[in-house]
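One structure follows; several queries about it will come next.
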Amino acid sequence: MDRPWVWREYDEEGLRFTLLLAQHELRDLAVRLAALRAVHGPPRTQAERILGQYHLAYRDLTGVLAGVRDEDLGRAPAEGEWPVREVLLHMLGAESGFLGTVQWARAPDPPRVVADRQARWRAWREQHGYAAPPSLDGGIREVRNALFEVHRRVLTELADLTDESLERPAFFWDGAKPIRFRLHRFEAHLVQHTIQAEKTLAAIGRGPTEAHRLVRVLYRDLAPVEMLSSSAFGQAERQAVATAIGERAAAIFAPI
């Protein structure tokens, strides 16, 4: 990180400054895109804002996992404690369950008979692909892909929620709660177990380096840019930042 790297008048921070500069540019891009959305896009719904908070938590998790190696996934920090793979499997199952709960509440034939609800819920969840996965196999690439797929499905399937629909009751193991509550649980649960994964990595000697910490910040600040992406506005602004970051990355990894 102390390798010399110069950008205009900034010549004292070393290589770390290219990551700090990228973070600066992502933050500015998010502000610009938000201003363009206010002019050219539809008003943001409450559901969209909640899902944006959830997406930031997801990106923070991908930042934590950025330095994880295949062999780290199965190493338990202590006897009886979950390794990272088990933590991520639990997260994956919860994401599927939360999504199924919201979609079940929105289905045209929600349960009417309390005694029948659990059996109907299990059958409906299996039928529509919201059942928890039995395992999470493969290396870190496959694990990231599995997390991405359920996350993509949440954002896609719940994008059309209206403000009014957020007050509809959604039944889960804890009884009836508004869909609004269920949406916030996506983020809260992700944050809880991202911290658990982070603690587990530290306990097995794979805590973050300075570079990992900076990369995690970049993932986090990419989230609002992604949530504001649109074909209706901001293409030139996004491309300018992507080009600048890409050119700097190529220069850093070019042979000396």
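Read-outs: derived from the displayed coordinates by stated rules, not from any lab. Because the structure is predicted, anything quoted here is derived from the model rather than measured. Glycine gets a Cβ as well: all are built from the backbone with ideal geometry, and neighbour counts include every protein chain shown.
Quick one, could you list the DSSP H helices from the chain stretching 20 Å or more along their long axis (Cα atoms) with average Kyte-Doolittle hydropathy of -1.0 or above?
Values: long enough: 16-40 (36 Å, 0.45); 46-64 (28 Å, -0.35); 84-106 (33 Å, 0.43); 140-157 (26 Å, -0.37); 179-203 (36 Å, -0.20); 210-227 (27 Å, -0.03); 235-253 (27 Å, 0.24).
Span-like helices in the chain: 16-40, 46-64, 84-106, 140-157, 179-203, 210-227, 235-253.
If Rh is defined by the Kirkwood formula over all Cα pairs and Rg also comes from Cα, what ratio Rg/Rh do you get for region 1-87? Can you show the working numbers first?
Numbers: Rg = 19.5 Å, Rh = 17.0 Å.
Rg divided by Rh gives 1.14.
Out of the trypsin sites (Lys or Arg not before Pro) in region 1-57, which ones are loop residues according to DSSP with at most 11 other C-beta atoms within 10 Å?
Within region 1-57, the qualifying trypsin sites (Lys or Arg not before Pro) (loop, at most 11 other Cβ atoms within 10 Å) are R8.
Between (1) -0.70; (2) -0.78; (3) -0.84, which entry matches log10 I(q)/I(0) by the Debye sum over Cα atoms at q = 0.12 Å⁻¹ as derived from the coordinates of this structure?
The value matching this structure is (3).
Summing -39500 (n - 2.57) over the DSSP H runs of n ≥ 4 in the chain and dividing by its residue number, what mean residue ellipticity at 222 nm do you reach, to the nearest 500 deg cm²/dmol?
Working: 8 runs with 158 residues, N = 256.
My calculation for the chain gives -21000 deg cm²/dmol from helical runs alone.
Further question: Which of the GluC sites (Glu not before Pro) found in region 45-97 are in a DSSP loop and have at most 14 neighbouring Cβ atoms, other than their own, within 10 Å? Don't skip to the answer; put the middle values down first.
Working: sites: E48, E71, E79, E81, E86, E95; in loops: E79, E81.
Here the sparse-neighbourhood loop sites are E79, E81.
May I ask you to sort D70, D2 by Cβ crowding, counting other Cβ atoms within 10 Å and putting the fewest first? Display every interim value, and only then the final one.
Details: D70 12, D2 9.
Listing D70, D2 from fewest to most nearby Cβ atoms yields D2, D70.
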